[in-house]
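Take a look at the structure below.
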Amino acid sequence: MKHPFLPVIACLIVASTAPAEVAPVEVLVPVSKAWVGQRVAVFIELRSPGSFAGSASFDLPQLPGTLMMKIGSPVVGSKELEGTTWFVQTHEFALFPQKPGPLAVPSFTVRFARRDGFTGPANEIDADCPSFTLEVKRPPGSGDTGFLITTESLDIIEKWEPLPGPAEVGAVFKRTIIQHAPQVSGMALAPASLAAPDGIRVYPGNPATNDQVDRGDFTGGRQETITYLMQKPGNHDLPALTYAWWNPKTESLESTTLPAVTFRVAPPPPGAKPDGTTLPSAWRWLGGLALVLGLAIRQRRRLAEWAGKGWRAVNPADRVAGRKLLRACRRNDAAAAAKAWNAWQTTQEGSFRPHPELRAAITGLQRHLFGSGPTEEWHGNALACAFMQQIGDKARRTSPKTTPALPPLNPQPRIP
């Protein structure tokens, strides 16, 4: 006797024994609310039925007013999913929002390779990381505070070389400011103010950031050196610098202030009048100068060719364009930065592909220049840091002994 329900029962048995669909990527965000400037941990799980192959890449989205960065190396383990053991590779990221309100992180692409077992060919996976939202709140009483971070403490060290004091026109003073804070990236720490009175010219240096992870403890550092050139005589006052932060443990707004500095600048000494004993020496110098000028005029074409070759050897096109890009970033000049980026990109090989961080920074620049939404003030710090990281990685790949293509314009020591 045939049972009419046997085919249905067989289908149910097959369906119950078939492995359930497991998403290749999952996102875990332990919190749903955060303060402005607070580090928010984001964990992205990559899943594989067998071993992983190669390194994963993430097309991180460009989030206005928010820094998103990868933390450390992935952790590999296993997890029971739908009755089957899967290999899991967990990548940690950190969000540092600077704008209050809802923060919507859209879905973005993750690329990695996995195997069906311990050996065998690897399958390339292009998956979408799920989107998520976060509610960002501004701490009470911080409405007048511009740049704000959230941390339990902030240590700031200030060094002057030489110490501020009486000076003459043309004197140079270097000011180094070092910041350290737990649970904050060095890239998220506040940049030093460049405000100065008329009579003092300011030359900002490239900031050096350093993030350290020690047994789960995350500490960020930032060091920058500012050069002040005394251009006019008189008393010049640099305003005090105040750094503020929100302490989530005590739920209080705290701050520290670097004191104001006064420079008493004297005019340059009057030039000494030549006397009879100095005239012969002066005539000898003038005669030698005339001889050199005569030779230079006769050989001007050859000298021009030599000078051009020497200039191109010391300053190749990629280095010149890179310097222009960093200079535009320091001035927060979006149009100049885009022009310099296009010039630098034309000097690269056809196989060149920017890192995700650099690609995200360039996307943000292009959205600022060509987007249809309301225009916000553009800051070049993220693009400068991503560009320097790209240059450093390229130099390390080519040769560990090669001098970096773009040395710092204002050399700085490593952060202690």
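Where a number appears in this text, it was derived from the coordinates with a stated rule and is not lab data. Just so it is clear, the structure is predicted and the values come from calculations on it, not from any experiment. Reconstructed Cβ throughout: ideal geometry from the backbone, glycine too, with neighbour counts over all protein chains shown.
What to note about this one:
- Near pairs, Cβ below 6 angstrom, 6+ apart or cross-chain, from segment 188-211 (free of Cβ contacts under 8 Å to residues at least 24 places away in the same chain and among the β-branched types (V, I, T)) to any residue that is part of a strand (DSSP E or B) and surrounded by fewer than 16 Cβ atoms within 10 Å (Cβ to Cβ): none
- Qualifying residue in segment 223-236 (condition: touching a residue at least 24 places away in the same chain (Cβ under 8 Å) and under 30 Å from P139 (Cα atoms)): yes
- Qualifying positions in segment 154-177 - among the aliphatic types (A, V, I, L, M), under 30 Å from F218 (Cβ atoms) and in a strand (DSSP E or B): I156, I157, I177
- Of the residues making up segment 346-358, those that are part of a helix (DSSP H, G or I) and either acidic (D, E) or farther than 11 Å from F387 by Cβ (or both) are P356, E357.
- Test: K70 is free of Cβ contacts under 8 Å to residues at least 40 places away in the same chain and closer than 16 Å to T109 by Cβ: yes
- Given (1) surrounded by 13 or more Cβ atoms within 10 Å (Cβ to Cβ); (2) not in a strand (DSSP E or B), number of the condition G141 does not satisfy: (1)
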